[in-house]
Amino acid sequence: MYNRQIQTFICAADYGSFSKAAEKLFVTPASVMNQINALEIRVGVKLLLRTNQGIKLTPAGCSIYKDAKHILEEAENAVIRAKQIAGAQQHVIRVGTSLLNPCKVLIDLWGEISNKNQNFQIKILPFEDDHTSILAKIASLGKTFDFMVGACGSREWLTRCNFYKLGDYSVCCAVSRKHSLADRKLLQVSDLYGETLMMIERGDTAEIDEIRDMLIQKHPQIKITDTPYFYDAEVFNACEHTGSVLLTLDAWREVHPSLVTIPVNWEYTVPYGLLYSKAPSEQVQMFIELFHQAHGHG
């Protein structure tokens with residue numbers, strides 16, 4: 001049910017390089033280029049531009065890329081549904097993963113119990129973090145993904161999905177490697193006096209609102225500036241470029257190579273866990289029950 005040219009095109013676009021796509025597909029770069037050329041001839045438009053920095057999509061290529069991704073996802077879902085109808089015993093659980101919503105914690109936990117539950121298979125599907133589209137991804141749970149794994153104190157998120165708690169992330173601060181605080185192993189709140197602290201605006205996450213209230217009432221020497229409700233790469237870039245301090249989570253310490261994440265001497269945390277559809281399928285409910293039996297979370 002898969003078109004090789006389309007798969008090759010999507011892989012090349014994802015990696016921005018013919019050679020990297022070739023490594024991923026276990027073919028030669030020449031084979032990748034031949035597939036792309038054949039696809040461009042087939043559709044009659046230019047899809048990719050070759051540059052010194054790699055390749056990038058043309059406007060027509062962006063359109064084909066978006067639609068093709070959706071078509072391939074639907075094709076995979078069709079195969080999954082067909083296997084389930086045919087009585088296949090193994091259930092495929094689709095888990096979305098991104099830089100800010102990594103699935104590693106789920107994979108680690110699953111590794112502890114998977115030997116006893118081999119009728120489930122996890123399929124990892126990467127997606128891009130974007131604060132303007134994350135709500136649409138959350139709302140699509142059960143369609144594109146069965147689960148996402150992430151911090152979830154967000155009121156907006158919880159109106160669109162169910163949440164099964166696995167644990168808590170510690171709230172920390174991130175600074176540029178050039179910042180005067182970058183060498184600290186532990187921050188006191190007073191270390192932030194005179195600094196600009198970036199944090200999500202009030203109203204979406206109770207745990208973060210509590211920190212904001214504490215800082216305003218007890219530490220007015222800290223200037224607070226608002227970020228969007230949902231972080232993406234641009235928020236971390238802004239922290240690095242402006243020399244500000246960013247309220248962040250310990251799980252995000254590897255998100256930006258130019259930032260250092262430092263714990264703070266306080267007890268603030270944000271819950272993390274499994275995000276899934278408001279109308280979960282039977283197999284999703286079975287999967288959650290396995291975690292509940294094994295770990296007693298939620």
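The values are calculated or read from the model by the stated rules, or taken from the named source; none is laboratory data. From a predicted model like this one, the values you see are computed outputs, not experimental measurements. A quick note on method: Cβ atoms are made from the backbone with ideal geometry, for glycine too, and the neighbour counts reach across all protein chains shown. To get the accessible areas, we keep the full protein, side chains included, count just its heavy atoms, and leave off ligands, DNA and RNA. Shrake-Rupley method; radii C 1.70, N 1.55, O 1.52, S 1.80 Å.
The requirement of being at pLDDT 95 or above, of a type outside the set (S, T, N, Q) and on the phi > 0 side of the Ramachandran plot is not satisfied by GLY203. Contact map, segment 235-261: residues that are in contact (Cβ under 8 Å) with a residue 60 or more places away in the chain paired with residues that are open to solvent by 40 Å² or more (accessible area, probe 1.4 Å) and assigned to a helix (DSSP H, G or I), Cβ distance under 6 Å, separation 6+ or inter-chain. Pairs shown: SER258/GLU240; LEU259/GLU240. Exactly one residue out of LEU25, LEU39, LEU72, LEU47 is at pLDDT below 85, farther than 30 Å from PHE230 by Cα, buried (at least 16 other Cβ atoms within 10 Å of the Cβ) and aliphatic (A, V, I, L, M): that is LEU25.
Here TYR193 qualifies as among the hydroxyl-bearing types (Ser, Thr, Tyr) and either surrounded by fewer than 14 Cβ atoms within 10 Å (Cβ to Cβ) or under 21 Å from PRO257 (Cβ atoms) (or both).
Every residue in segment 92-135 that is open to solvent by 80 Å² or more (accessible area, probe 1.4 Å) and acidic (Asp, Glu), please. If the condition is that a residue be open to solvent by 80 Å² or more (accessible area, probe 1.4 Å) and acidic (Asp, Glu), then GLU112, GLU128 are the ones that fit. Scanning segment 144-172 for residues that are free of Cβ contacts under 8 Å to residues at least 12 places away in the same chain and either more than 21 Å from ILE200 (Cα to Cα) or under 17 Å from the mean Cα position of the chain (by Cα) (or both) turns up just one, LEU158. Within segment 15-33, being β-branched (Val, Ile, Thr) and not in a helix (DSSP H, G or I) holds for VAL27, THR28. Scanning segment 242-280 for residues that are among the charged types (D, E, K, R) and in contact with a Lys or Arg (Cβ under 9 Å, 6 or more places away or on another chain) yields a count of 1.
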